[in-house]
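The values are calculated or read from the model by the stated rules, or taken from the named source; none is laboratory data. Here the structure is a predicted model, which is why all the values come from computation and not from measurement. All Cβ positions, glycine included, derive from the backbone under ideal geometry; neighbour counts span all protein chains shown. Keep in mind that these areas ignore ligands, DNA and RNA; they rest on the heavy atoms of the full protein, side chains included. Shrake-Rupley method; radii C 1.70, N 1.55, O 1.52, S 1.80 Å.
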Amino acid sequence: MLLKKLTINKFRNIERSTLEFDSRFNLFHGRNGQGKTNYLESIFFLGTLKSFRNAKQKEMLPWNENSSFLECVLLDNNLGHELSVSFENSTRSLKIDGKSASRTVDYCRILSVVAFAPEEITMINGAPEQRRRYLDRAIFSSDPGYLKIYHDYYRVLKQRNQLLKLRSYAGIEAWTDQLAATGARLALERSVYTAQLAEAFDCYYKSISGSDEEVSLCYHHSSYAGGSTQEEIREELIKEITRTSRTERERGTTLVGPHRDDLEFYLNNRLIREHGSQGQQKSFVMALKMAEIDYLSKISERVPILLLDDMTAELDRSRIDHLMEFLVNRDMQVFITTTDQTAVPLPAGMKCSAFLVENGRTV
């Protein structure tokens, strides 16, 4: 996967910009608040139609502007493509190679991209919602078809919650059946993906930390017993929803389902958020991201583009060195933002294009 050219028109604080990139490393540097991250966000949005900062579409429009346009030229295993997206507050238009793309899932299969932002370091100690959000985004990157599974469940959940809130129980059984069916599929997808990362994750953690500590990932069904098949999970959901139905009606909300699940991180069989040091937590997230890249490369037979936002802010020199060694040894294109160009330890002779960003412009 190789991004050759990027065109931006009215995105965040970027008025207009057209950039061509190196096939290996591309560095956006400059003072804080100048718009470096906006360039990475535009690439991520082109590939996923999402923001890695969890921003809504309308929040990416410049002040007093009502439309934005992004376009890129890329190579996918030597096959050329052009992608473009134009959007307003809540609507957007997608094109692949100049032709309108009617299905989001088709569009999102073209540009494979992974982002590593400082906020992900905080997800270990954050709320379960943060970890679910990370997991959903990672699965979507490997399988855009997951988006429908996700939306199907949350559409049913929203409708069922509305009935509970209004105390309108006629027909709620049908929505409960749909909730269990869509929830079982969502939970199984999350659980399978988590298991797929496990082996590579353990290896990367040991390499980064230089220790033999045991680490593991666990997709935890917080409000119901799990299962190894979709049908087993569906049956457990029905059982637990039935058991808590009285409490649900009192509280006016759905208390059981994958919207309450969690991705749990363990270090030596103990929750790392309770017992891990800051350094261990940073190594943990780095290893998780490396495992994600490896898995994505394996299933798609193509190496994704990697976006590293403000990589020197949360990582010490030792971890930066480990990360750069991982990246240098892989034939992948990398985009990095930093306030200090000298803090990115690229080997001598390594190809790199550098862009100084000032007030949204590259100079």
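Here are some notes:
- Scan of segment 74-97 for residues that are at pLDDT below 95, assigned to a loop (DSSP other than H, G, I, E, B) and not polar (S, T, N, Q), ordered by number: GLU88
- Unique residue being among the aromatic types (Phe, Trp, Tyr) and touching a residue at least 60 places away in the same chain (Cβ under 8 Å) when the list is TYR146, TYR169: TYR169
- Residue in segment 257-288 that is modelled with the lowest pLDDT, counting only those that are closer than 23 Å to ALA187 by Cβ, part of a helix (DSSP H, G or I) and open to solvent by 10 Å² or more (accessible area, probe 1.4 Å): ARG273
- Condition met for LEU307 (in a helix (DSSP H, G or I) and open to solvent by less than 10 Å² (accessible area, probe 1.4 Å)): no
- Residues that are buried (at least 20 other Cβ atoms within 10 Å of the Cβ), in a strand (DSSP E or B) and not β-branched (Val, Ile, Thr), drawn from segment 98-116: ALA115, PHE116
- Residue in segment 18-36 that is under 19 Å from ARG92 (Cα atoms) and assigned to a loop (DSSP other than H, G, I, E, B) present: no
- Screening segment 318-343 for residues that are of a type in the set (Ser, Thr, Tyr) and in contact with a Ser or Thr (Cβ under 9 Å, 6 or more places away or on another chain) and picking the one that is nearest to ALA117 (Cα to Cα) gives THR337.
- Filter result for PHE25 (more than 30 Å from ALA348 (Cβ to Cβ) and either at pLDDT 95 or above or basic (Lys, Arg) (or both)): no
- On inspection, ARG246 fails the criterion of being out of contact with any Phe, Trp or Tyr (no Cβ under 8 Å at 6 or more places or on another chain), charged (D, E, K, R) and either open to solvent by less than 50 Å² (accessible area, probe 1.4 Å) or touching a residue at least 12 places away in the same chain (Cβ under 8 Å) (or both).
- Note on segment 182-236: among residues that are among the hydroxyl-bearing types (Ser, Thr, Tyr) and touching a strand residue (DSSP E or B) at 6+ places or on another chain (Cβ under 7 Å), the one that is most open to solvent (accessible area, probe 1.4 Å) is SER222.
- Identity of the residue in segment 195-240, of a type in the set (A, V, I, L, M, F, W, C) and touching a Ser or Thr at 6+ places or on another chain (Cβ under 6 Å), that ends up modelled with the lowest pLDDT: ILE208
- Any chance LYS5 is open to solvent by 30 Å² or more (accessible area, probe 1.4 Å), in a strand (DSSP E or B) and within 30 Å of MET324 (Cα to Cα): yes
- Hey, TYR150 open to solvent by less than 60 Å² (accessible area, probe 1.4 Å) and assigned to a helix (DSSP H, G or I) or not: no
- Single residue of GLU71, GLU41 found to be under 26 Å from MET311 (Cα atoms), among the acidic types (Asp, Glu), in a helix (DSSP H, G or I) and at pLDDT 95 or above: GLU41
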